[in-house]
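The values are calculated or read from the model by the stated rules, or taken from the named source; none is laboratory data. The structure presented is a predicted model; accordingly, all values stated were derived computationally and were not measured. Every residue, glycine among them, receives a Cβ derived from its backbone with ideal geometry; neighbour counts consider all protein chains shown. Quick note on the areas: whole protein, heavy atoms, side chains included, nothing else; ligands and nucleic acids left out. Shrake-Rupley method; radii C 1.70, N 1.55, O 1.52, S 1.80 Å.
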Amino acid sequence: MFFLAEETEHNPILPIWQEVVVGFVAFGLLLFVLGKYVWPRMEQTFAARVDAIEGGLKRAEIRQTEANQLLERYRQQLAEARTEAARIRDEARADAAGIREEMLTRAREENDRVVAAGRESLAAEREMITRQLRVDLGTLAVDLAGRIVGESLADEARQRGTIERFLAELDRNGGAPVASAGGRR
């Protein structure tokens, strides 16, 4: 019995071999379950995450490229719109200058026409006043000549002839007064 008693006493430093075997079997079974079911599942999850992240980055890069292309296209359209606006402004300025020039030309023509009409009117009035003054001058000259001569020059036909001679002599002399009174030579 002494031998039996020795077997029952266990050394705490040495493990029990049955427990070690059970531990190895359990550990192997755990590794098998983990390797067969868990690790592939985790690899799939990690691969899906990597794919999602990389795909997201690729999609983001594609969208960024598209956004840059749109931005460039909008900038180009904006530049074209600015160019078109500048062209329209220049055309409007040119049209305005043309219209202003045309209006100035018309105003000058109208001014010239009014001045010409005024000059014609002034020349006609001057001619009429000159004729009236000649008639009045002739009448005064005949009256004065009649007083100087002492005879009446009241006869109308005679008076008209004297006035016409006086005026003709004035025209020949360029408007200078005649030396002889009454137009006698």
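Summary of values
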read-out: The range 18-184, accessible area per residue, ligands and nucleic acids excluded (1.4 Å, Å²); value: 84
read-out: Cα Rg, Dmax, the range 19-93, angstrom units; value: 31.0, 104
read-out: T45 paired with V25, simple spin-label distance in nm, labels 7 Å along Cα-to-beta-carbon; value: 3.1
read-out: Calculated diffusion of the range 18-184, Stokes-Einstein form, Kirkwood radius summed over Cα pairs, 4 °C and 1.567 mPa s, µm²/s; value: 45
read-out: Accessible-area ranking of F166, F32, largest first, probe 1.4 Å; value: F32, F166
read-out: Most positive-pole-ward Cα, A124, L30, L167, against dipole of the range 18-184 from beta carbon charges; value: L30
read-out: Karplus 3J(HN,Hα) series, Hz, for the range 34-44 with 6.51 cos²θ - 1.76 cosθ + 1.60 (x for Gly, Pro); value: 5, x, 7, 10, 7, 5, x, 5, 5, 4, 4
read-out: Stokes-Einstein D (µm²/s) once Rh is taken as the Kirkwood radius of the range 45-131 over alpha-carbon pairs, at 20 °C in 1.002 mPa s; value: 106
